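Read-outs throughout are calculated quantities, based only on the coordinates presented, and are distinct from any laboratory measurement. Being a predicted model, the structure only gives us computed values, none of them experimental. So basically every Cβ, Gly included, is an ideal-geometry build from the backbone, and we count neighbours across all protein chains shown.
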Amino acid sequence: MEDFILIKKIQSGDTDAFEIIVRKYYQSIYLFCCRRLNGNPDTAADITQDVFLKLLENIQSVRKIGKFQNYLLTIAVNTCNNYTKKAKPLYMDLETLEDIEDTDNAFEKN
C-alpha cells in the first residue's frame, strides 16, 4: 500500500495504518540512528521511538511531497542532532581539576 494512503488513514484515526508504517520503516530508521549515534543500540532504539512519536504528533501536517522515508529520515536527523547536543560531555582544564582535588577532603580520613 502506498505510504501516503496510509498517512491519510492515520490522519483519519486508523491505528492499524500507523502500525503498518512503524513496521515498514522501524528497522531502517533504527539502523540510521545507530550509525548516527556511534553504534549505541539502546539510545538508537529510544531515538527511533521518538521519531515515530514525533511523526504521530505531527501527522496532520504531513503532505505528499517527495518520498515519505525522506520525511522520516529528516525527523531522525533532527532528533539525533538534538540528542547529541544535549549529551555532550563536560570538559575541564587540568588547573580546574587540580583545584577540585586540592579542596575536596571528602575522601581523607581524620
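Quick look at the numbers
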read-out	value
Gained length - Leu31 relative to Asn70, 0.36 nm times residue gap less alpha-carbon distance	12.6 nm
Amide H within-cut-off set for Asp14, under 5 Å, with H built and near neighbours excluded	none
Under the Karplus curve 6.51 cos²θ - 1.76 cosθ + 1.60, θ = phi - 60°, whole-Hz ³J(HN,Hα) for the stretch 48-56, x wherever Gly or Pro sits	4, 4, 4, 4, 6, 5, 5, 4, 5
Distance-filtered residues of the stretch 3-41 - backbone nitrogen under 20 Å, label point 7 angstrom along Val77 Cα→Cβ	25-39
Integer Hz, Karplus 6.51/-1.76/1.60 couplings in order for the stretch 61-78, x for Gly and Pro	8, 6, 10, 7, 9, x, 7, 5, 4, 5, 4, 5, 5, 5, 4, 5, 4, 5
